[in-house]
1. Starting from the range 43-71, keep only residues that are without any contact (Cβ under 8 Å) to a residue 40 or more places away in the chain, then list their pairs with residues that are acidic (Asp, Glu) and more than 11 Å from the ligand (Cβ to nearest atom) whose Cβ atoms are within a distance under 6 Å, requiring at least 6 positions of separation or different chains.
2. Tell me which residues, restricted to the range 81-96, are out of contact with any Ser or Thr (no Cβ under 7 Å at 6 or more places or on another chain) and either in contact (Cβ under 8 Å) with a residue 24 or more places away in the chain or on the phi < 0 side of the Ramachandran plot (or both).
3. Taking interchain pairs and intrachain pairs at least six residues apart, which have beta carbon atoms under 6 angstrom, with the first residue in the range 252-275 and touching a residue at least 60 places away in the same chain (Cβ under 8 Å) and the second β-branched (Val, Ile, Thr)?
4. Taking the options Gly106, Gly38, Gly65, name whichever one is surrounded by fewer than 22 Cβ atoms within 10 Å (Cβ to Cβ), within 24 Å of the chain's Cα centre (by Cα) and modelled with pLDDT of 95 or more.
5. Name the residue, out of Arg146, Arg141, Arg162, that is surrounded by fewer than 22 Cβ atoms within 10 Å (Cβ to Cβ), of a type outside the set (A, V, I, L, M) and closer than 23 Å to Ser55 by Cα.
6. Out of (1) assigned by TED's automatic domain parsing to the domain that holds Val154; (2) under 22 Å from the mean Cα position of the chain (by Cα); (3) not hydroxyl-bearing (Ser, Thr, Tyr), the odd one out for Leu238 is which?
7. Can you tell me how many residues within the range 105-117 are assigned to a loop (DSSP other than H, G, I, E, B) and either charged (D, E, K, R) or touching an Asp or Glu at 6+ places or on another chain (Cβ under 8 Å) (or both)?
8. Please list, ordered by residue number, the helices (runs of 4 or more DSSP H) wholly in the range 204-291 having 1 or more residues that are buried (at least 19 other Cβ atoms within 10 Å of the Cβ) and more than 16 Å from the ligand (Cβ to nearest atom).
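The values are calculated or read from the model by the stated rules, or taken from the named source; none is laboratory data. Since this is a predicted model, take the numbers as computed values, not measurements. Methodologically, a virtual Cβ is constructed for each residue, glycine included, from the backbone with ideal geometry; neighbour enumeration extends over all protein chains shown.
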Amino acid sequence: MKSIIDILDLSTDEIEELIAVAEDIIQNPRAYAHRMEGKKLATLFFEPSTRTRMSFEAAMYELGGNVISMASAASSSAAKGESVADTVKTVSCYADIIAMRHPKEGAALVAANSASVPVINAGDGGHCHPTQTLADLFTIRREKGRFSGLTVGVCGDLKFGRTVHSLINALSRYPDVHFVLISPEELKVPSYVKRDVLAKKGIPYEQTTNLEGVIGDLDILYMTRVQRERFFNEEDYLRLRDSYILTPEKLKGAKADLSVMHPLPRVNEISVAIDDDPRACYFKQVKNGKYMRMALILKLIGGDGQ
Ligand code: NCD
């Protein structure tokens with residue numbers, strides 16, 4: 001039984017397999033429509049979510065399976081003081097697989113150690129978010145045809161943005177990737193990511209506060225929301241929240257084949273005027289995420305013949 005807590009729990013070969021299955025699901029959806037019959041996914045969300053929870057649920061339904069859901073901490077026994085470990089032990093009695101989001105870093109690991117079914121980390125605090133990265137990787141593959149040799153700009157809240165940490169980890173395994181880390185001083189990539197991933201693997205990166213100055217170099221621009229819920233005070237959030245707003249004007253300096261990505265939700269980081277630009281990929285990411293979650297569910301509970 002395998003749980004997915006970190007994107008590095010999947011090898012690059014396994015990621016290739018998931019991409020191949022996701023592509024096949026898109027081509028032959030009917031072949032997958034009954035693969036999870038009789039199986040249940042439990043979604044346990046102790047933090048708000050639209051896309052991640054609903055795409056896990058849509059993924060399971062499209063595989064012919066069923067879903068049981070805890071959509072908020074407030075409506076569960078967590079509100080009475082139950083531990084994550086006890087909650088997942090309980091839910092393991094009802095479901096074949098669990099997707100869990102929690103505000104505390106490390107909660108997914110605690111859950112995986114207590115559950116008797118596979119646990120998928122759907123986001124643990126400011127730490128990581130591996131299935132968003134699967135959506136991101138599939139989108140990059142479909143847009144660019146490759147992972148290697150890309151200049152990837154990551155912009156916004158690089159400190160608390162868990163999707164950023166997982167994406168850097170994932171892309172660091174491919175040759176010739178170069179990161180441009182664009183953030184306010186206060187929201188730089190945490191030093192553990194720089195030390196344990198970028199420096200350790202000798203991956204070239206630069207840090208800047210100036211998006212306009214680097215936008216022309218990028219193959220991918222991954223915008224992120226300033227993570228209000230992880231700030232200690234509202235004043236800092238208000239000061240930093242509009243640090244970067246991508247507008248059609250700023251995009252004029254970008255490559256014609258730039259891919260503009262965002263894990264969503266968007267607050268103010270990308271002007272809606274960009275949504276119709278062919279370079280906008282963020283709603284494609286949403287769709288791709290569902291297919292990758294289908295492929296992951298199949299892999300973890302054996303619907304693909306493993
Ligand atoms: C992200 C998250 O939850 O970390 N959302 C998502 O799952 N697509 C990004 C965010 O909330 O800013």
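1. Between residues of the range 43-71 that are without any contact (Cβ under 8 Å) to a residue 40 or more places away in the chain and residues that are acidic (Asp, Glu) and more than 11 Å from the ligand (Cβ to nearest atom), the close pairs are Gly64/Glu37; Val67/Glu57.
2. In the first step, residues of the range 81-96 are kept if they are out of contact with any Ser or Thr (no Cβ under 7 Å at 6 or more places or on another chain); the result is 81-84, 86, 90-91, 93-96.
Glu82, Ser83, Val84, Asp86, Thr90, Val91, Cys93, Tyr94, Ala95, Asp96, listed by residue number.
3. From the range 252-275, the pairs are Ser259/Ile220; Pro263/Thr163.
4. Numbers: Gly38 fails: within 24 Å of the chain's Cα centre (by Cα); Gly65 fails: surrounded by fewer than 22 Cβ atoms within 10 Å (Cβ to Cβ).
Only one candidate qualifies: Gly106.
5. Working: Arg146 fails: closer than 23 Å to Ser55 by Cα; Arg162 fails: surrounded by fewer than 22 Cβ atoms within 10 Å (Cβ to Cβ).
Residue meeting the stated conditions: Arg141.
6. Here Leu238 clears every test but (2).
7. Initial filter on the range 105-117 (assigned to a loop (DSSP other than H, G, I, E, B)): 105-106, 115-117.
Checking which are either charged (D, E, K, R) or touching an Asp or Glu at 6+ places or on another chain (Cβ under 8 Å) (or both) leaves us with 105-106, 117.
Number of matching residues: 3.
8. Numbers: elements: 211-214, 234-240, 248-251.
It comes to 211-214, 248-251.
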